[in-house]
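First the structure, in the form of structure tokens, and then the observations on it.
The values are calculated or read from the model by the stated rules, or taken from the named source; none is laboratory data. As the structure is a prediction and not an experimental result, all values here were calculated from the model. All Cβ positions, glycine included, derive from the backbone under ideal geometry; neighbour counts span all protein chains shown.
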Amino acid sequence: MRLFKCNYCIYTSDRKYNIQKHTARKHVYELQKLQILENVQNVIPNIQNVIPNIQNVIPNVQNVIPNIFQCSKCNKIYKTVRHLHNHESKCNKVDSLTCPKCMISFSNRHNKNRHIKADKCKARSIIHARTPNVQNITNNIDNSVNKTINNIQINNFGSERIDHISHEEIKRILLSGANTIPLYIKQKHFHKDFPENNNIKFTNDNKCHVMEDNSWNEKDLGLLSSNLIQKNSEVLLMYCDDNQIKLLNEIKNTEKYQHIRNKLFIVYNKTDNEKYNIVLTKIKELIKNLQQQD
């Protein structure tokens, strides 16, 4: 009778099946070790295949260290240019745990969302926010990047913050006669507490610099003022329509409300050249007087 012996102990049997069953039960560790050794032999074949020409082992440094696509507004890092561009088009320049209105930062998203839902905070400039996404700023950061982080990022023309202009302030502006549109522009573009909105600079010879696509572009003062009338009269008209019931209850005078709206409509459509030119002149003087020359 033939006996079969276990490879790992003194156990014997006349049946090979019993040896296999015994090994599977009693020698799990040995079997695992054997499997590892077999895998290693497959992973590390002939040394000539493992260490080829040194040029293939150490390629160009550009291939070893991938490009870092970092948002210039909040320092958040992305793996591709496409994701970076998608983010930058809607980036509010604060990190994900900071309230975009009052710039208070929180330890987690739950506390931040609860704070925003309460809607009781007062708008503050981004200058009060912490450095966004600090974890993305490396220790060997150069002076040019430091300059971008420390300096205020000016909002592009047409992308200004308006959360600091309260309903009470807008109501006061609407009741200010011919100064309505200039006063709204002043609050929007030249508020001293929100320098990130100061995206219009008067230079000289009826020329201005306007922040567009993150760079200063020269504009004619007259054309810029006409553009400001068009855009902001439309904004105020829409505000009147969206808040009609509230404004009527507060003003308590239907005729006055209609007069306010008609005044904006006339300027928006240029149906009265004299009134339009009065507003246009006021806006030009506003820009000249509130911005220092470059």
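One table, with the values for the structure above:
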{"quantity": "Yes/no for LYS282 being more than 29 Å from the chain's Cα centre (by Cα) and surrounded by 15 or more Cβ atoms within 10 Å (Cβ to Cβ)", "calculated": "yes"}
{"quantity": "Checking GLN62 against (1) out of contact with any Lys or Arg (no Cβ under 9 Å at 6 or more places or on another chain); (2) at pLDDT 55 or above, the condition it does not meet", "calculated": "(2)"}
{"quantity": "The lone exception for LYS263 - which of (1) touching a Phe, Trp or Tyr at 6+ places or on another chain (Cβ under 9 Å); (2) surrounded by 15 or more Cβ atoms within 10 Å (Cβ to Cβ) it fails", "calculated": "(1)"}
{"quantity": "Any hit, the range 235-256, residues being in the same structural domain as LYS188 (by TED's automatic domain parsing), out of contact with any Pro (no Cβ under 7 Å at 6 or more places or on another chain), modelled with pLDDT of 95 or more and under 30 Å from THR203 (Cα atoms)", "calculated": "yes"}
{"quantity": "So GLU218, is it part of a strand (DSSP E or B), assigned by TED's automatic domain parsing to the domain that holds LYS188, in contact with a Lys or Arg (Cβ under 9 Å, 6 or more places away or on another chain) and not basic (Lys, Arg)", "calculated": "yes"}
{"quantity": "Identity of the residue in the range 165-219, over 30 Å from the mean Cα position of the chain (by Cα) and within 17 Å of LEU280 (Cβ to Cβ), that ends up surrounded by the fewest Cβ atoms within 10 Å (Cβ to Cβ)", "calculated": "GLY177"}
